Amino acid sequence: MSQMKKSVAILGLGTFGKYLAEEFFESGADVLIADNNEESVSQLSDKAAYAMTADLSDPEAIKGLGIEHMDMVIVSMSQSLEPSIMCVMVAKELGVPFVIAKASNSRMADILKKIGADEVINIEEDAAFRNVKRLMSDDFLDYFDLGSDLCVVEIYPKPDWVGKTLRQLRLRERMNINVVARKDETLRSELIDPNEPLKEGDRLIVVAEKADINELG
């Protein structure tokens, strides 16, 4: 019997939300994305089954997204307390079985838990953990924890990757990792073209299972 696709809604398309949208899309999930910034939604519209611009502080706008049909909702606006609260409350009211919310500090984390978030990603606590991971490996420029199994690391390309494209390298098949973006010389993140050769100075954003990150170190 074939396994049903998981459906995931990502509300808020900052850096964290964009990484999640890309990874869930590459993993075969049905992805719904929403943000109040039309440009952010447009940039990721090809990575989602549903892409919508909406005021995420307005409960009626949130209800209009159709998130009641999703297996999981991820609220990724850690700098915006009011929209985060509203999204979590509406999602639980609509019966979403699993709601994850990102918090920028312990106070925000406590609030989001009290209003019903099933899991809260606390940026302050994660920062300490990721800095330990980063400092333990000279190859990791940064490290982000995405939960029990997944993480995001920022790395330079390995010497034998330089001059080759992602299609040629087949990193998903060989190493079970997914390069989702790169940072340019201004350190601005951009989606990566799988047909463009990697350069020595590229800073690559990689999503991987924690069990596999030793391959990158």
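The values are calculated or read from the model by the stated rules, or taken from the named source; none is laboratory data. Computed from a predicted model, the values in this text were never measured in an experiment. Every residue, glycine among them, receives a Cβ derived from its backbone with ideal geometry; neighbour counts consider all protein chains shown.
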(request) Scan the helices (runs of 4 or more DSSP H) fully inside region 1-117 and keep the ones with 3 or more residues being closer than 27 Å to I177 by Cβ, of a type in the set (S, T, N, Q) and in the same structural domain as V206 (by TED's automatic domain parsing). (result) none
(request) Would you mind stating whether D212 is modelled with pLDDT of 80 or more, more than 24 Å from L44 (Cα to Cα) and in a helix (DSSP H, G or I)? (result) no
(request) Please find, among D138, D71, the residue that is at pLDDT 90 or above and not small (G, A, S). (result) D71
(message) Out of everything in region 34-88 that is of a type in the set (D, E) and in contact (Cβ under 8 Å) with a residue 12 or more places away in the chain, what residue ends up being surrounded by the most Cβ atoms within 10 Å (Cβ to Cβ)?
(response) D35
